[in-house]
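A short write-up of the structure that comes next.
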Amino acid sequence: MPKLTATKIKTALRTIPEWKQSGAAITRVFVFKDFPKAVQFVNRAARLAEKAWHHPDIDIRWNKVALTLTTHDQGGLTEKDFILARKFDAL
């Protein structure tokens, strides 16, 4: 899957308003009631990522989970990142 142009990234970001671009990646922080809820979310996200064979960087801080997506083998953002971000938003 080819790396997206800056124009296509800008357009794709409108479909995931909670996500922010950070260099060659997109990131979002999800906030939960407590640590167990955050871990449950991570487990569901991990299953989606494994099925898509596209894995985010995950940072868990008590009730907050930060996900960061980029397509490493393309050196930047591809449609795969935005597809998976929308799936994470739907969890």
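The values are calculated or read from the model by the stated rules, or taken from the named source; none is laboratory data. Owing to the predicted nature of the structure, the values given are computational and were not obtained by experimental measurement. Glycine gets a Cβ as well: all are built from the backbone with ideal geometry, and neighbour counts include every protein chain shown.
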Search result, residues across the stretch 8-31 that are under 12 Å from Leu77 (Cα atoms) and either modelled with pLDDT under 95 or over 12 Å from the mean Cα position of the chain (by Cα) (or both):
Lys8, Ile9, Lys10, Ala12, Gly23, Ala24
Pairs only if they're at least six apart or on different chains, beta carbon under 9 angstrom, first in the stretch 70-83 and farther than 12 Å from Ile26 by Cα, second part of a loop (DSSP other than H, G, I, E, B) and basic (Lys, Arg); list them, first residue then second.
Gln74/Lys3; Gly75/Lys3
Answer residue from the stretch 74-90, given it is surrounded by fewer than 14 Cβ atoms within 10 Å (Cβ to Cβ) and at pLDDT 95 or above and is nearest to Leu13 (Cα to Cα) among those:
Arg86
Would you please name the residue that is farthest from Thr5 (Cα to Cα), looking only at residues in the stretch 60-69 that are surrounded by fewer than 21 Cβ atoms within 10 Å (Cβ to Cβ) and under 10 Å from the mean Cα position of the chain (by Cα)?
Ala66
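So that you can scan it fast, the table gives a plain yes or no per residue for (1) among the aliphatic types (A, V, I, L, M); (2) free of Cβ contacts under 8 Å to residues at least 12 places away in the same chain; (3) part of a loop (DSSP other than H, G, I, E, B):
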{"position": "Met1", "(1), (2), (3)": "yes, no, yes"}
{"position": "Pro17", "(1), (2), (3)": "no, yes, yes"}
{"position": "Lys33", "(1), (2), (3)": "no, no, yes"}
{"position": "Arg44", "(1), (2), (3)": "no, no, no"}
{"position": "Glu50", "(1), (2), (3)": "no, yes, no"}
{"position": "His55", "(1), (2), (3)": "no, yes, yes"}
{"position": "Ala85", "(1), (2), (3)": "yes, no, no"}
{"position": "Leu91", "(1), (2), (3)": "yes, no, yes"}
